[in-house]
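Read through the structure below, which is laid out as structure tokens, and then see the notes.
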Amino acid sequence: MKKTAEVNWTTGMQFVGKSDSNIPFILGQPEAAEGQTNSPMELILVGLCGCTALDVIHILKRRRQHVTGLQVRVEAERAETHPKVFTSYHLTYVVRGRNLSEKAVFAAVKLTRETYCSVSAMLEKSAMITHEIEMVEDNANQDLN
């Protein structure tokens, strides 16, 4: 399956990007654009978090877990010299819900890491990815859709 993306220069060091979804986003060098853009390297980190989060929610919902929230954070180390690639990633999954099964949550994270998350699979070829899981019991009456 072929995918496409493009960026178009707008001004200074800002670009508007879009991919097959045709939803535009602004990127560039944040320091040159006074913090008004995301850098391409930041987008990689957001892509990693988003990819794995989508998988975890999908898996937990299929397992009928009462998930009320999920936050995935990443801390990445970056090389000091050019090309300043990421040299390691540490993901933290904060899963909120009611009566969550620890076994189901750990299995969901394992499945996204080992089978489903394309971004993780690609990035793991060049740097180590570690993770931790925090589970928070939530007594609220609202589930994620």
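The values are calculated or read from the model by the stated rules, or taken from the named source; none is laboratory data. This is a predicted model, so every value here is computed, not measured. We place every Cβ from the backbone using ideal geometry, glycine too, and count neighbours over all the protein chains shown.
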Restricting region 54-111 to residues that are of a type in the set (Lys, Arg) and under 21 Å from residue 124 (Cβ atoms), the one farthest from the chain's Cα centre (by Cα) turns out to be 84
Take residue 26 and tell me if it is out of contact with any His (no Cβ under 6 Å at 6 or more places or on another chain), surrounded by fewer than 16 Cβ atoms within 10 Å (Cβ to Cβ), more than 30 Å from residue 138 (Cβ to Cβ) and not acidic (Asp, Glu).
yes
Requested in this report: Would you check if there is a residue in region 103-116 being assigned to a strand (DSSP E or B), without any contact (Cβ under 8 Å) to a residue 60 or more places away in the chain and surrounded by 14 or more Cβ atoms within 10 Å (Cβ to Cβ)?
Outcome: no
Discussion item. Can you find a residue that is surrounded by 13 or more Cβ atoms within 10 Å (Cβ to Cβ) and at pLDDT below 95 anywhere in region 124-140?
Written reply: yes
